[in-house]
């Protein structure tokens, strides 16, 4: 563990520290960047099960290739050891799945992405992220302010819930999600971070309290080639390593290596019960 480049964040680098960030199965925002075709060495472990690859040291994005950022909500994930490895399930139809495991037959293993963990007060943002797809729009806040909520309230008073939902999705798709602002990993100063963030960089979301830098090392085979390998007909199982991570000091117990609010003054972070209902990981009160 070290202080990292941003003094307000704790930089975690060892396996046990990294794994502990996911012990409580927190709600995560999965942040992806389409780097284009990634060169990597692939090794087939089992043609009927999992194809695993270890990327070469010089793996990088193609220069001058436009990169598109996307973010989705992820809660079906779990550590698989105390060395920073974990797995998660993702629906094959998700736009982010095409970043992590393209369905064109290319095996882009060694794909890097980030996870960031939201806190109480960010529930609406999380639900909004999950309500629209980034396939045909940009989810990120379009400008310094956004009046989407007021427009929905004023124009949707006499609409059915279904029509209100459709109107909300249209407005979010057009204007972006208020407060959904990309920042560099381990950074929280808004003005500086926005200036530092490039579309080709891994990123986190402003307001989150832990940022995990991750890389895939395996994924269940695509349905086109091995339909029996998936969890079911709709999902992929992605295996990944946490390379390093940043966490706010007020959420990290350095003695016990626990990811938990250290006092009641900071907001608890989110878990998910289902049906758009959140749970909260709170400070331990002795």
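The values are calculated or read from the model by the stated rules, or taken from the named source; none is laboratory data. Because the structure is predicted, anything quoted here is derived from the model rather than measured. We place every Cβ from the backbone using ideal geometry, glycine too, and count neighbours over all the protein chains shown.
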May I ask you to verify whether residue 201 is assigned by TED's automatic domain parsing to the domain that holds residue 29, more than 30 Å from residue 11 (Cβ to Cβ) and either at pLDDT 65 or above or assigned to a loop (DSSP other than H, G, I, E, B) (or both)?
-> no
Yes/no for residue 238 being at pLDDT 90 or above, buried (at least 17 other Cβ atoms within 10 Å of the Cβ) and closer than 23 Å to residue 125 by Cβ = no
Has region 107-121 got any residue that is under 28 Å from residue 279 (Cα atoms), surrounded by fewer than 20 Cβ atoms within 10 Å (Cβ to Cβ) and either touching a strand residue (DSSP E or B) at 6+ places or on another chain (Cβ under 9 Å) or at pLDDT below 85 (or both)?
-> yes
Which ones in region 227-286 are at positive phi and free of Cβ contacts under 8 Å to residues at least 40 places away in the same chain?
-> 274, 275
Within region 242-272, which residues are surrounded by fewer than 18 Cβ atoms within 10 Å (Cβ to Cβ) and under 15 Å from the mean Cα position of the chain (by Cα)?
-> 243, 271
